[in-house]
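Shown next, in structure tokens, is the structure this report addresses.
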């Protein structure tokens with residue numbers, strides 16, 4: 001039975017320090033964005049920062065997803 005994404009993520013968090021670092025960074029970016037959302041008004045500089053953080057967060061999500069796919073291929077090939 002194939003592993004679910006959540007199971008693979010948990011395994012990677014336990015085994016792979018670079019994956020764990022990416023996940024922690026992703027969560028930090030999420031928190032930063034939530035903090036900006038709580039503000040009633042964003043300055044143009046803050047709007048640019050939100051845009052920058054969103055791009056970083058998405059890039060991390062893409063990298064983590066690629067790691068999940070690679071892990072699944074390794075496990076299915078074993």
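Only the coordinates and a few stated rules stand behind these numbers; no lab work does. Keep in mind it's a predicted model, so treat the numbers as computed, not measured. Glycine also receives a Cβ, built like all others from the backbone with ideal geometry; neighbour counts cover every protein chain displayed.
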In degrees rounded to 10, the 0-90 angle between helix 17-38 Cα long axis and the longest Cα principal axis of the chain is 30
For the chain the mean separation of alpha carbon contacts under 8 Å (6+ apart) over residue count, i.e. relative contact order in percent, is 42
For 58, 33, ascending order of other Cβ atoms within 10 Å (fewest first) is 58, 33
Rounded to one decimal in nm, the spacing of the 7 Å Cα→Cβ label points at residue 46 and residue 27 is 2.6
Helix 44-77: inclination vs the chain longest Cα principal axis, degrees, rounded to 10, gives 0
Put in order of increasing Cβ neighbours within 10 Å, starting from the fewest, 55, 23 give 55, 23
The Cα extents of the chain along the principal axes, largest first and rounded to whole Å, are 52, 22, 16
If one compares the long axis through the Cα atoms of helix 5-15 with the longest principal axis of the Cα atoms of the chain, the angle in degrees, nearest 10, works out at 90
